[in-house]
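The values are calculated or read from the model by the stated rules, or taken from the named source; none is laboratory data. Since the model is a prediction, treat every value here as computed from it, not as a measurement. Backbone-built Cβ (ideal geometry, glycine too); neighbour counts: all protein chains shown. Side chains included, ligands, DNA and RNA excluded: accessible areas come from the protein's heavy atoms. Shrake-Rupley method; radii C 1.70, N 1.55, O 1.52, S 1.80 Å.
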Amino acid sequence: MTRAELKKIFDGKKEYLTKRGVLVKGFKLTTFTMFEDWFNLEIFEQGCHYCGLKNEECYRLFLLRPYATRNGKRGRRLELDRMSPLLEYDELHNIRWCCYWCNNAKSNFFSEAEFRPVAAEMGKALRKVLETEAAGQLGQLA
Ligand SMILES: [Zn+2]
């Protein structure tokens with residue numbers, strides 16, 4: 001993870017109002033320095049907090065079906081998730097790395113504990129897609 005990549009992730013998570021006046025939640029008070037202090041490469045490399053999918057696996061899945069992740073706007077890497085959606089993004093102790101698929105499914109509905117069994121199945125299903133794709137590529141070489 002380069003500093004520029006981390007900055008891009010941070011900038012993409014700032015709170016803003018859409019043209020229609022809808023508030024998109026994100027960092028309000030957190031500075032990039034604070035975010036850098038929070039960032040831990042070892043934790044990032046452990047992958048999705050919920051299903052364990054690694055960042056590079058996210059990218060491989062994204063490449064398989066880029067149209068399927070909000071028209072390619074999301075999914076290419078791990079995202080920032082609020083474990084408890086009741087807390088603000090600025091409460092960094094509540095932020096975890098999360099794959100697009102878990103983030104989407106967990107939404108603001110499930111608590112971490114409630115989502116755990118869903119995440120286990122999500123991880124299995126996503127890895128199955130990767131294995132199937134890898135087998136297909138081997139088949140093409142044969
Ligand atoms: Zn996940």
Self-check item: Positions within region 112-133 being touching a helix residue (DSSP H, G or I) at 6+ places or on another chain (Cβ under 9 Å) and of a type in the set (A, V, I, L, M, F, W, C), in sequence order
Solution: PHE115, VAL118, ALA119, MET122, ALA125, LEU126, VAL129, LEU130
Quiz item: Is it true that some residue in region 116-138 is open to solvent by less than 70 Å² (accessible area, probe 1.4 Å), within 22 Å of THR30 (Cβ to Cβ) and within 13 Å of the ligand (Cβ to nearest atom)?
Solution: no
Exercise. Within region 99-115, count every residue that is hydrophobic (A, V, I, L, M, F, W, C) and surrounded by fewer than 19 Cβ atoms within 10 Å (Cβ to Cβ).
Key: 4
Quiz item: What is the residue count in region 90-115 for residues that are in contact with a Leu (Cβ under 9 Å, 6 or more places away or on another chain), away from the ligand (no atom under 16 Å from the Cβ) and of a type in the set (A, V, I, L, M)?
Solution: 0
Quiz item: Of the residues that make up region 67-84, is at least one assigned to a helix (DSSP H, G or I) and out of contact with any strand residue (DSSP E or B) (no Cβ under 7 Å at 6 or more places or on another chain)?
Solution: yes
Exercise. Return yes or no: is GLU114 more than 17 Å from the chain's Cα centre (by Cα), of a type outside the set (A, V, I, L, M) and within 25 Å of ASN40 (Cα to Cα)?
Key: no
Quiz item: When you scan region 14-34, how many residues do you find that are part of a helix (DSSP H, G or I) and either over 20 Å from GLU91 (Cα atoms) or open to solvent by less than 70 Å² (accessible area, probe 1.4 Å) (or both)?
Solution: 1
Practice problem: Inspect all residues belonging to region 35-49 and state whether any of them is within 13 Å of the ligand (Cβ to nearest atom), assigned to a helix (DSSP H, G or I) and surrounded by 12 or more Cβ atoms within 10 Å (Cβ to Cβ). | Solution: no
Exercise. Among the candidates ARG76, ARG96, ARG65, single out the residue that is modelled with pLDDT under 95, open to solvent by 30 Å² or more (accessible area, probe 1.4 Å), in contact with a Cys (Cβ under 9 Å, 6 or more places away or on another chain) and of a type outside the set (Phe, Trp, Tyr).
Key: ARG76
